[in-house]
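Everything on this sheet refers to the single structure shown next.
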Amino acid sequence: MRIWLNRTGEVSLREQLTTQVVLGIVSRDLAPGQRLPSTRELARRYGIHANTVSAAYRQLEQEGWLEFRHGSGVYVRATRPQAPRTPELVVDELIGDLVARARKLGVPPSLVRDRVLRWVHMAPPGRWLMIEPDADLQRIVIEELEQKLSLPVSGCVPADCDKHFDGAMPLVLPSKAAGVRKLLPAGTELTVLQVHPVAPALGGYLPLPAGVLIGVASHWQDFQRIARTMMIAAGLAPESLLVCDANRPGWKRGLTTTAAVVCDAITASELPRGCRPIIFRLVSEAAIAQLRASEQALKDASPAAM
């Protein structure tokens, strides 16, 4: 472990030493059970008084970071102290994890410092950006997200994401993630939305009674195809399905005669009065929970919350 000591600064040498040892432990630079240099060795290496090192080691032992083994030396404790998680300690742990991961990847410390400063001074993002080339699918996902999230959601196609990226947190569906990542600036955090598996989502309604007429309606043609395929696979006769393309004129005709209509979040609000919608949501609840947690973290970190 490398230690830096400033003999002309306002912070005492003991505090500098204890702080850096703790950071070394939380960043995993110092492993549990690792033996530290002896008091004399550390004092000689950095040209400081042995009493200063001894006092720092004793303080860290009392706080639960180190342990003295008689006749063996000073070691990092196998478990971290169960002290209250102060904001300072939480931040130290985050910084320590970042530094440790960057070191393993061979990232220069100067680059880590510059990027941290950039993020600290950057205005927090204020909206979500759904990056999706299929316009109908994009509209459906945005509708689902706007029903569940606090921040506004906008959309764009992958080729235009650089024009819409400022102040936004980008989102993408799994099938498009690899391509979109290539278009975003290096280091950009891209959230890949988990989607609902089709079979479990519709499982509560299957199998359907024989002889009933079921509607399928959506602006998204792949939705129509997938829903039709799943219904037939579940044993529904093709002639018992009424598939409606919501982009075509007169698409609502006949839907009031169905027992229920499988549809997306947008089409559900457009169905004729009296239809029973079975809404299949594309974005999973786990993904929604993740986005809500991100929004809460942004809210907690905003100046108004401090």
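The values are calculated or read from the model by the stated rules, or taken from the named source; none is laboratory data. Source: prediction; values computed, not measured. We place every Cβ from the backbone using ideal geometry, glycine too, and count neighbours over all the protein chains shown. Remember, those area values only see protein heavy atoms, side chains included, never the ligands or the DNA or RNA. Shrake-Rupley method; radii C 1.70, N 1.55, O 1.52, S 1.80 Å.
Can you give the helix-only mean residue ellipticity at 222 nm for the chain, where every DSSP H stretch with n ≥ 4 adds -39500 (n - 2.57) and the sum goes over all residues, rounded to the nearest 500 deg cm²/dmol? Show your work: numbers first, answer last.
Details: 12 runs with 129 residues, N = 306.
The helix contribution divided over the chain gives -12500 deg cm²/dmol.
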### Message
Whole-Hz ³J(HN,Hα) for each residue in segment 63-74, computed from phi via Karplus 6.51 cos²θ - 1.76 cosθ + 1.60 with θ = phi - 60°, x for glycine and proline: what do you get?
### Response
7, x, 8, 10, 9, 9, 10, 4, x, 10, x, 10
## Note on the structure
Taking alpha-carbon centroids only, segment 143-160 lies from segment 1-46 a number of Å equal to 48
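So which of Lys163/Lys299; Lys104/Lys148; Lys182/Lys252; Lys148/Lys182; Lys163/Lys252 end up more than 32 Å apart, counting from Cα to Cα? Provide the component values of the computation, followed by the final result.
Details: Lys163/Lys299 25 Å; Lys104/Lys148 38 Å; Lys182/Lys252 41 Å; Lys148/Lys182 29 Å; Lys163/Lys252 37 Å.
Check vs 32 Å cut-off fails for Lys104/Lys148; Lys182/Lys252; Lys163/Lys252.
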### Task
Using only Cα atoms, locate the centre of segment 178-193 and the centre of segment 258-277, then give the distance between them in Å, rounded to an integer.
35
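Quote the FRET efficiency, to the nearest 0.05, computed for Arg80 versus Ser154 with a Förster distance R0 of 45 Å and r equal to the Cβ-Cβ distance. Mind showing how you got there, number by number?
Values: r = 43 Å, r/R0 = 0.95.
E between Arg80 and Ser154, to the nearest 0.05, is 0.55.
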## Note on the structure
Under 18 Å by backbone N from the virtual spin label 7 Å along Cα-to-Cβ at Thr229, the residues of segment 131-158 are 134, 137
### Task
Please tell me the relative contact order of segment 1-87 in percent, rounded to the nearest whole number, where contacts are Cα pairs under 8 Å and at least six residues apart.
28
#### Entry: Two-decimal ratio, segment 1-106, of alpha-carbon radius of gyration to 2.2 N^0.38 Å
1.06
### Query
What distance in nm separates the simple spin-label points at Lys299 and Ser110, each placed 7 Å from Cα in the Cβ direction?
4.2
### Query
What do you get for Rg/Rh over the chain if you use C-alpha atoms and the Kirkwood form of Rh?
1.19
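Could you tell me what percent of the accessible area of the chain is made up of carbon and sulfur, with a 1.4 Å probe and every protein chain present? Could you put the intermediate results ahead of the total?
Details: 9890 of 18050 Å².
Result for the chain: 55 percent of the exposed heavy-atom area is carbon or sulfur.
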### Query
Given the Cα-Cα distance of Leu190 and Leu89 and 0.36 nm per residue of separation, how much length would full extension add, in nm?
33.6 nm
### Summary
Put Lys148, Lys104, Lys163 in order of accessible area, largest first, probe 1.4 Å, and you get Lys104, Lys163, Lys148
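Using r as the Cβ-Cβ distance of Arg35 and Ala286, and R0 as 35 Å, what FRET efficiency do you calculate, to the nearest 0.05?
Efficiency, rounded to the nearest 0.05: 0.20.
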#### Entry: Residues with amide H under 5 Å from that of Val216, placed H, sequence gap 5 or more
Leu242, Val243, Cys244, Val262
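Which FRET efficiency value, to the nearest 0.05, do you get for Arg276 and Ala178 by plugging their Cβ-Cβ distance into 1/(1 + (r/R0)^6) with R0 = 30 Å? It would help to have the intermediate numbers written out before the result.
Working: r = 39 Å, r/R0 = 1.30.
Taking R0 as 30 Å, the efficiency between Arg276 and Ala178 is 0.15.
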### Query
What is the magnitude of the charge dipole of the chain about its Cα centre, with +1 placed on the Cβ of each Lys and Arg, -1 on the Cβ of each Asp and Glu, and no other charges, expressed in debye to the nearest 20?
900
